[in-house]
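The values are calculated or read from the model by the stated rules, or taken from the named source; none is laboratory data. Here the structure is a predicted model, which means the values were calculated and not measured. Glycine gets a Cβ as well: all are built from the backbone with ideal geometry, and neighbour counts include every protein chain shown.
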């Protein structure tokens, strides 16, 4: 579990394999089907990875974004901010940092999926310039077995 992200400045850094434990703890806090440390470490170490962490002094991970680049496209695979650090602009910093890094790697568009019922995330992505391009019906399994659609979003990176 994360420690109080409400204090100290935030730095956005490239994720390192050692950050996988902190990322996994936040992922488990936020997602009903959490990715474990080994899976996250493998994604960070993947050659096509674009992985950033938001950290407090002492490299205390309070947020993360993991994306991959393929040819001229990038896709955000997962993003999260510790619950006690949400609504402080950290998610926006992570999205914009990933968009800039993807653009520097010659990606032209950035894609992601978001649960249709996740209104906070949808508002963040809309404010970051993402637009809906598709729908995956009953894509996510929610606690208790209910299902939620995934909205497919994309953003052009010409202005990132």
query: Of all the residues that make up segment 82-123, how many are touching a helix residue (DSSP H, G or I) at 6+ places or on another chain (Cβ under 8 Å) and either closer than 24 Å to residue 72 by Cα or at pLDDT 95 or above (or both)?
result: 7
- prompt: Among the residues of segment 15-34, which ones are outside any helix (DSSP H, G or I) and at pLDDT 95 or above?
  reply: 15, 16
- prompt: Out of all the residues in segment 100-127, which are under 23 Å from residue 14 (Cα atoms) and surrounded by fewer than 17 Cβ atoms within 10 Å (Cβ to Cβ)?
  reply: 100, 104, 105, 106, 108, 109
- request: Quickly run through segment 14-49 and pick out the residues that are closer than 15 Å to residue 61 by Cβ, without any contact (Cβ under 8 Å) to a residue 12 or more places away in the chain and either touching a strand residue (DSSP E or B) at 6+ places or on another chain (Cβ under 9 Å) or exposed (fewer than 13 other Cβ atoms within 10 Å of the Cβ) (or both).
  value: 18
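Considering only segment 146-157, I want to know if a residue exists there that is touching a residue at least 60 places away in the same chain (Cβ under 8 Å) and crowded, with 20+ Cβ neighbours inside 10 Å. It would help to see each step written out before you state the result.
Step one: list which residues in segment 146-157 are touching a residue at least 60 places away in the same chain (Cβ under 8 Å), which gives 157.
Adding the requirement that they be crowded, with 20+ Cβ neighbours inside 10 Å leaves 157.
Checked segment 146-157: at least one residue is touching a residue at least 60 places away in the same chain (Cβ under 8 Å) and crowded, with 20+ Cβ neighbours inside 10 Å.
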- prompt: Quick one: what pairs do we get from segment 53-74, first residue on the phi < 0 side of the Ramachandran plot and modelled with pLDDT under 95, second part of a strand (DSSP E or B) and buried (at least 24 other Cβ atoms within 10 Å of the Cβ), C-beta under 8 Å, 6+ apart or different chains?
  reply: 56/62
